[in-house]
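Below you'll find the structure, written out as structure tokens, and then a few comments.
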Amino acid sequence: MNNSQSALLFPGQGAQELGMGRDLAEADSEIMDLWKKAEKISNIPLRGLYWEGGENIDDTRRLQVALTAANLSLWMALSRHFKPAAAAGHSLGEYSAVAAAGVLDFDSVLRLVTLRGRLMAEADPAGIGGMAALVKLTQEKAGELVDAVNAACPESKERELRMANFNTPAQFVVSGTRQSIATLAEKAREFKGRALPLAVSGAFHSPFMAEAAKEFAQALKKYNFSKPKFTVYCNVTGLPETSAEGIRQRLAEQMISPVQWILTIRNQFRAGIRCFVECGPKNILGKMVAPILEGEPGATEGVYKAVSLSSAAELQKFRLA
């Protein structure tokens, strides 16, 4: 696989883990400086929390900037000998993709994800909203289930159960009120599927985030966006974006729009991507590639590969391959 056939993938919330990025930072002063900068910008002791075992590492206020620092640590090390053709990030991970492509500098991205984490955490102070993963259902059946729950739990348009993430053809995430999420779990069994509530602080990628999205869109206007050095595939459309202003607009829409990850991977493959390189603490997105491309014309065994890089050792193996 050559670089012109490779795409970077950056994971989002859910990929965090204790110790993430520590091995790289302790071996590389530039990467350590990135973590120090993230701490200064966010005013959060990230290394103490995520390297030494602090409490509540899943708090979106702190994990968004911490996970972005971990993702970018891997990219900093990889970028010294690897130039991809494209990049994409899942939800929060899209900000790492934008930074990798040079659309925004690292400082700007760290500031934006710090703000994003705070706004998303504060968007639902009453704790009305929630999310759940749907598994063992086709996209059609998942849609039918969501419709059935909305019929059983009538809400305003802003609070209806919505599809939030299209992860693989058999894995979706929905957002809505906690009442509707509870009903979803009950009705999923009737559809021969399962609904697994997620430990999140709100109904992300849905109209629940509307007020937060408005404030965030205003903040985005204050930053200088540059033309990407390589193509960025955006969550909102699953399509390639090559203009600075186009990426700014997609980021403004992302907080209230579903993540079109299935389309992202399929469109990258159709554009000639044959090596999917995940830069993140866990092998999450790499595992999604095969089920997404199953049945895709030309996506036969050996034609493409997915590689997950989460440590200095894995980066070294990839560099030598």
The range 1-149: Kirkwood hydrodynamic radius (Cα pairs, Å) comes out at 16.7
Sorted on mean Cβ neighbours within 10 Å (highest first), peptides 290-303, 143-156 come out as 143-156, 290-303
tail above 12 Å in the computed P(r) of the range 171-228, as % of all Cα-Cα pairs, reads 74
The ³J(HN,Hα) series, computed from each phi in the range 113-125 with the Karplus coefficients 6.51, -1.76 and 1.60 at θ = phi - 60°, rounded to the nearest Hz and given as x for glycine or proline, is 6, 5, 5, 4, x, 5, 4, 5, 5, 8, 5, 9, x
What the Cα atoms of the range 74-189 span along the principal axes, largest first and in whole Å, is 53, 33, 19
The summed charge of the GLY176 Cβ neighbourhood (under 10 Å; Lys/Arg +1, Asp/Glu -1) stands at +1
The exposure ranking of LYS157, LYS37, fewest beta-carbon neighbours within 10 Å first, is LYS157, LYS37
For the pair GLU52 and TYR223, the simple spin-label estimate (label points 7 Å beyond Cα toward Cβ) gives in nm 2.9
per DSSP, antiparallel bridges as share of beta bridges in the chain, % nearest 5, sits at 50
Expected unfolding gain across VAL135-ALA199 under the 0.36 nm per residue rule, minus the alpha-carbon gap, is 21.4 nm
A student asked for the Cα radius of gyration and Dmax of the chain in angstrom ought to give 18.9, 56
Quick calc of log₁₀ I(q)/I(0), the range 190-301, Debye, one scatterer on every Cα, no solvent, q values 0.11, 0.15, 0.16 1/Å, result -0.48, -0.87, -0.96
Per principal axis, largest first, the Cα atoms of the range 129-200 extend in Å by 28, 24, 18
Subtracting the Cα-Cα distance of ASP23 and ARG80 from 0.36 nm times their residue separation yields 18.8 nm
Relative contact order in percent for the chain (Cα pairs under 8 Å, 6+ apart) equals 23
Helix-only [θ] at 222 nm, the chain, -39500 (n - 2.57) per DSSP H run of 4+, per residue, nearest 500, equals -13500 deg cm²/dmol
Taking a crude spin-label model, label points 7 Å out from Cα along the C-beta direction, the ALA152 to ARG319 distance in nm is 5.4
Placing +1 on each Lys and Arg Cβ and -1 on each Asp and Glu Cβ in the chain, then taking the dipole about the Cα centre, the residue among GLN64, CYS279, ALA87 whose Cα reaches farthest towards the positive end is ALA87
Computed for the range 37-150: size of charge dipole around the Cα centre, +1 on C-beta of each Lys and Arg, -1 on C-beta of each Asp and Glu, debye to nearest 20, value 480
If each part is reduced to its alpha-carbon centroid, the range 231-306 and the range 3-72 end up apart, in Å, by 22
By Cβ neighbour count within 10 Å, fewest first, ILE256, ILE262 rank ILE262, ILE256
Packing-ranked peptide list from 239-245, 94-100, 3-9, 122-128, highest mean Cβ count within 10 angstrom first, is 94-100, 3-9, 239-245, 122-128
Most exposed first, judged by fewest Cβ atoms within 10 angstrom, MET20, MET163 run MET163, MET20
Of the listed links LYS229/LYS287; LYS192/LYS282; LYS136/LYS192; LYS141/LYS187, those spanning more than 18 angstrom between alpha carbons are LYS229/LYS287; LYS192/LYS282
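Values in this text are rule-based calculations from the coordinates and carry no lab data. The shown structure was predicted, so the numbers you read here are calculated from the model rather than taken from an experiment. Backbone-built Cβ (ideal geometry, glycine too); neighbour counts: all protein chains shown.
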